[in-house]
Every structure is written in structure tokens, then in C-alpha cells.
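> One structure, pasted below without further comment.
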Amino acid sequence: MAWNRDGMAARAAKELKDGFYVNLGIGIPTLVANHVEPGIDITLQSENGMLGIGPFPTEDEVDPDLINAGKQTITELRRTSYFSSADSFGMIRGGHIDLSILGAMEVAENGDLANWMIPGKMVKGMGGAMDLVAGVKRIIVLMDHTNKAGESKFLKACTLPLTGQGVVDVVISDLGVFERPAKGQPFRLIELAPDVTLEEVAAKTEAHYEVAL
Amino acid sequence: MANKLYDDAVSALEGLLFDGMTVMSGGFGLCGIPENLITALRDSGTKGLTFISNNAGVDDFGLGLLLKTHQVAKMISSYVGENKEFERQYLSGELQLEFNPQGTLAERIRAGGAGIPGFYTKTGVGTLVAEGKEHKEFGGETYILETGLVADVSIVKAWKADPYGNLVFRKTARNFNPMMATAGKVTVAEVEELVGPGEIDPDHIHTPGIFVQRLFVGKNYEKRIEQRTVRQAA
């Protein structure tokens, strides 16, 4: 049984180290916060100007002046600080954030990432994604291995406009985990989701990767 | 001291507006947007606006109000996904759009207000954003040149102000407001509360009054929430 969304999020949570400052993208990456292991203390950054994101508020606590980058109402913690968008992206661009976990439409074998635009179809914008992949120390992509048509999303080369060039360090899909020791090196399959076979991964992956289970 | 206090949004904008002008507007999503000033700008009928704002509001609130009336000719933004009318006008060619990565947008505004005409950043290298921009290597890494942004008028929203225009923002409603306050030839601030001189601890001022030329207390704040997410009380 391949990982479902929570399974992928739980696997991604194992990449969190004690003391990390982490930025979680919108969608599945947000679920990672629910799977932080005991004894690991992390601080979540929200690029709209907050360090130390707390849980969703109760009805009584809802505050329109307090939202995350997904525009969801949230709460603060005892460690929380607020700052401007310029300071926020100073943290991001300046390499002060340890880890970012993002969704993707496509990842290429050289680490290229596309997750913001489908030409002619969608006009939404890149938000902070390009800044995050350019500045954060380690980039993990959480995505379904294939698209709705069953085609690989882990490709030889991205077909969609890029968010960043050669920026991805780890790909966690419903089928397994691909990691590379350093940018510029090839990805290695280091872990399979339960009951997933090497053959299934090979059949559903266009990108070149090494096997290092 | 020059008087910075005005009665309302209409009087605070008087004499500042003209067709084809560039306006910066603070806010992230609908959080920390200058609600009163956006409404007054709509009612003024000023057209052909270039609008610099991280987002474009929703169809019936925030900057969506100015899109509905076709007052905006061009948007400079990072994310406009919550506005269907925006998407329609863009795809039909009625509206020009310049997408900036959010951090690049924030830094362009900060730079503009600080008298810095350009800066190099890694963000966007190898993407559509880098096309046509100067590339330069520093320490073996490639960066692109981005330019500073300024506006004819900046409209911002703060929580508290004193009569000198010193501003304090609240929680994540701060976002783009402080940089935009620095980057307007004229900056107009609307606030929830006006306090007396000396009532804000000088160490707690987020935006010094030098950046704010006009100021008023806003009315009827709706503070609409885009994604109301709650948990059960224990």
C-alpha cells in the first residue's frame, strides 16, 4: 500500500531535526506539522511575517489579523515574533531557514522544480515559492508520484515553467523517498513505501535515479 | 508641526489622485488592507492605475472592488489566485500583469523607499522571471538584477498611530505595510486607533512618522477572513 497524504507527511516529518526553523508550503506540506515526533522542537515560519505558528484557533480565538501564508486563521505561541514581509524574505533569502517542504507539479532529475504555472491555463502567481527554493538550506518536495493521467511527475526535464533550477534535495512521493547527497549529484531511491516494489517505481518514473535501499 | 490628521479617506486622498498613477497598497490577502482607502479610491473613479500589491483581493472585497470597475490597468503582484475577475480580465487582455516573487516584490519596495535603485538576488534565476534581466556572478553563484519600486501614493493600514504619523501594526496585518509606507511619494495611512503624543513607547514604533504624510482613523472595518480554520475547544 503506497503512502496516502498523511503517510507522506509523516515520512517528511522524519526529516525535521530538533531546533529547526521550517517553512511549510500550502496543501499536503501543511500536514507535516501534525506528525512532528516527540522530543523534536521546531519553529514554523510563515512568509507573511511570523515565526512560531500555533494551532488553529478555537471559535473564540479567531483573529482576522492573524493568518498564515495560506490565509488560514491561526494562533500565536509564547515564542512567536511578527515582522514585515521584507524581513520575512530576508530570513528566507538569507539562508536562515533550515528546511522548506513544498508541493510540486513536476520535478526533474537535475533538481529543477515546477510548481507555479501552467501556461494558458492558470494565472495565480508564484507567491513566495521562488524565494523559498532559492534561499532555504534544504528543499523537500512532497508530491503524488504520477499525475491524474498516470504519467510520471518525476521527469528527465520539466515541461512547465520552472520555480527554481536544480533546487530540490529530496522528493517524497506516495511510492518512496529519493534523496541526493548534494545539489548537482543524481537522486537515489533510499526508501520504498510499504508494499511498493522497485518495478512499480521504475515503471512510474521517467527520471534517472540510482537505487540505494 | 504640519497637520497630518484628516477626517476620513476621501479628504485624506484629496488632490493626490490622477489617471495613470501608480499606487501601492499594503496587505497580505485581505489581512491588513486599507479598507477605507480602497473604497475611496473606487469612488473617486481614478482610472488607468498601476497597482502594486502582493494580492488582488477577492471578487467583491479588497482590490477586487477596483478590478470590477476596470480602474486598474496593470498589477504588480506575487499571487492573485483568489480572484476570478482578475483571471478573466488578464486572460482577455484587458489587464496587464507583472508577477514578482513575493520576496523580490517586498525587497523592491524596501529598496525603492531606501533610495536603492537596484539589487541582485538569486530568486528566479533560470525561470521566466529572469528573462531580459542582467545576470551577474558573485562568489561563483548567479544572481539577477531587480529594480527598486516607488509609487505616487502608498496606501497603508496600521493598528495605532499618534498625531506625528508614528505607526504600530498588529500581528500578521503588518506584512507589506511598513515597506510601502517608505516607498510612496505621499503615504496615506488609515488606522484603527489614534493615540496622543507620547502614548506609544518610542521603542515600539514600527514605522517612524517621517514616512507618513496623511493619516485618519478608519471606519467600519470588516476584516474579512478568507480561510476561517478552527479547532474544537478542549
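> Loop only by DSSP, 15 or fewer other Cβ within 10 Å of the Cβ. Give me the trypsin sites (Lys or Arg not before Pro) in the range A:1-71 that pass, ordered by residue number. Intermediate results must be reported in sequence, preceding the final value.
Numbers: sites: A:ARG5, A:ARG11, A:LYS14, A:LYS17, A:LYS71; in loops: A:LYS14, A:LYS17, A:LYS71.
Counting only loop positions with at most 15 other Cβ atoms within 10 Å, the trypsin sites (Lys or Arg not before Pro) in the range A:1-71 are A:LYS14, A:LYS17.
> On a straight-distance basis, which lysines could pair with B:LYS74 in a cross-link, Cα separation under 17 angstrom, same-chain partners fewer than 8 positions away excluded?
A:LYS124, B:LYS47, B:LYS84
> Same structure, new question: Pick from B:ASP201, B:ASP60, B:ASP152: which is most flexible by mean-square fluctuation in a GNM of chain B where alpha carbon atoms under 10 Å apart are linked?
Per the Cα network of chain B with a 10 Å cutoff, B:ASP201 tops the list.
> Which one of A:PRO57, A:ALA86, B:GLN96 has its Cα pushed farthest toward the positive end of the charge dipole of the protein assembly as shown, where Lys and Arg give +1 and Asp and Glu give -1 at the Cβ?
B:GLN96
> Shifting gears a bit: Cα gyration tensor of the range A:5-211, axes a ≥ b ≥ c as square roots of the eigenvalues: rounded (a/c below 1.5), prolate (a/b > b/c) or oblate?
Cα axes put the range A:5-211 in the prolate bin.
> Multiply the residue separation of A:THR80 and A:LYS121 by 0.36 nm, subtract the distance between their alpha-carbon atoms, and state the gained length in nm to one decimal.
Full extension of this stretch gives 10.9 nm more.
> Could you check which residue among B:GLU131, B:GLU107, B:GLU193 shows the biggest mean-square fluctuation in a GNM of chain B with a 10 Å Cα cutoff?
B:GLU131
> For a quick protection proxy, order the peptides B:89-99, A:169-179 by their average other-Cβ count within 10 Å, most packed first. The partial results should precede the final answer.
Details: B:89-99: 14.9, A:169-179: 23.6.
Ranked from most to least packed, the peptides come out as A:169-179, B:89-99.
> Near B:LYS4, which lysines are there with a Cα under 24 Å away, not counting those fewer than 8 places off in the same chain?
Counting by Cα, and skipping residues close in sequence, B:LYS4 has these lysines nearby: B:LYS157, B:LYS160, B:LYS185, B:LYS219.
> Which stretch or stretches of the range B:21-52 have amide N atoms under 19 Å from the point lying 7 Å from B:LYS74's Cα along the Cα→Cβ direction?
Taking a point 7 Å out along Cα→Cβ of B:LYS74, the residues of the range B:21-52 whose backbone N falls under 19 Å are B:21-26, B:46-52.
> So for the range B:1-114, averaging the separation of alpha carbon pairs under 8 Å that are six or more residues apart and normalising by length, what relative contact order in percent results?
20
> Round to the nearest 0.05 the FRET efficiency obtained for B:THR147 and A:GLU199 when R0 = 51 Å and r is the Cβ-Cβ distance.
Numbers: r = 52 Å, r/R0 = 1.02.
With a Förster radius of 51 Å, E is 0.45.
> Along the Cα→Cβ direction, 7 angstrom out, place labels at B:GLU14 and B:GLU222. What is the inter-label distance in nm?
Distance between the two pseudo-spin positions: 2.7 nm.
> Further, regarding this structure: Going highest first, how would you order B:175-185, A:95-105, A:152-162 by mean Cβ packing within 10 Å? Write down the numbers at each step before the final one.
On the way: B:175-185: 27.5, A:95-105: 21.0, A:152-162: 18.0.
Descending packing order for the listed peptides: B:175-185, A:95-105, A:152-162.
> Please report Rg over Rh for the range B:70-123, where both radii come from the alpha carbon positions and Rh follows the Kirkwood definition. List each step's numbers first, then the result.
Working: Rg = 13.4 Å, Rh = 12.6 Å.
Rg/Rh: 1.06.
> Tally Lys and Arg at +1 and Asp and Glu at -1 over the other residues with C-beta under 14 Å from the C-beta of B:THR50: what net charge comes out?
+1
> Another one. Based on the Kirkwood radius over alpha-carbon pairs, what value in µm²/s does the Stokes-Einstein equation return for the translational diffusion coefficient of the range A:70-154 at 25 °C and 0.890 mPa s?
Diffusion coefficient, whole number: 164 µm²/s.
> I'd like the distance between the alpha-carbon centres of the range B:158-204 and the range A:129-189, rounded to an integer number of Å.
Taking the Cα centre of each part, the range B:158-204 and the range A:129-189 sit 42 Å apart.
> Same structure, new question: Length gain on complete extension for the stretch A:ALA182 to A:ARG138, per 0.36 nm per residue less the alpha carbon to alpha carbon distance?
Contour length minus Cα-Cα distance gives 14.8 nm.
> Let's test the formula: R0 of 45 Å, r as the Cβ-Cβ distance of B:ALA114 and A:LEU213. What FRET efficiency results, to the nearest 0.05?
E between B:ALA114 and A:LEU213, to the nearest 0.05, is 0.30.
> Where both residues lie in the range A:5-211, what percent of DSSP beta bridges are antiparallel, nearest 5?
That works out to approximately 50 percent antiparallel.
> Next question. May I ask you to list the trypsin sites (Lys or Arg not before Pro) in the range B:1-88 that are in a DSSP loop and have at most 16 other Cβ atoms within 10 Å of their Cβ? Could you put the intermediate results ahead of the total?
On the way: sites: B:LYS4, B:ARG42, B:LYS47, B:LYS68, B:LYS74, B:LYS84, B:ARG88; in loops: B:LYS4, B:LYS47.
Loop-located and lightly packed - B:LYS47.
> Excluding ligands, DNA and RNA, what is the accessible area buried between chains B and A, summed over both sides, using a 1.4 Å probe, to the nearest 100 Å²?
Roughly 4200 Å² of accessible surface disappears when B and A pair.
> Let me confirm one metric for peptide B:54-63, namely the mean number of other chain beta-carbon atoms within 10 Å of its residues' beta-carbons. Could you put the intermediate results ahead of the total?
Values: counts 5, 3, 1, 0, 0, 0, 0, 0, 0, 0.
Partner-chain Cβ atoms within 10 Å, mean over residues of B:54-63: 1.
> Further question on the same structure: Report, in degrees rounded to the nearest 10, the 0 to 90 angle that the Cα long axis of helix B:102-113 makes with the longest principal axis of chain B.
Between the helix axis and the principal axis of chain B, the angle is about 60 degrees.
> In whole percent, what relative contact order does the range A:5-211 give with Cα contacts below 8 Å and a gap of six or more residues?
18
> For q = 0.07 Å⁻¹, what log10 I(q)/I(0) does the protein assembly as shown give under the Debye formula with an equal point scatterer on each alpha carbon and no solvent?
-0.36
> Here is a further query. Keeping every protein chain present and rolling a 1.4 Å probe, give me the accessible area per residue for chain B in Å².
I get 42 Å² per residue for chain B.
> Which value, in Å², gives the accessible area per residue of the range A:5-211 when a 1.4 Å probe is used on the protein heavy atoms? It would help to have the intermediate numbers written out before the result.
On the way: 8170 Å² over 207 residues.
Per residue, the range A:5-211 has 39 Å² of solvent-accessible surface.
The values are calculated or read from the model by the stated rules, or taken from the named source; none is laboratory data. From a predicted model like this one, the values you see are computed outputs, not experimental measurements. All Cβ positions, even for glycine, are placed from backbone atoms using ideal geometry, and neighbour counts span all protein chains on display. Ligands, DNA and RNA are excluded from the accessible area calculation, which covers all protein heavy atoms including side chains. Shrake-Rupley method; radii C 1.70, N 1.55, O 1.52, S 1.80 Å.
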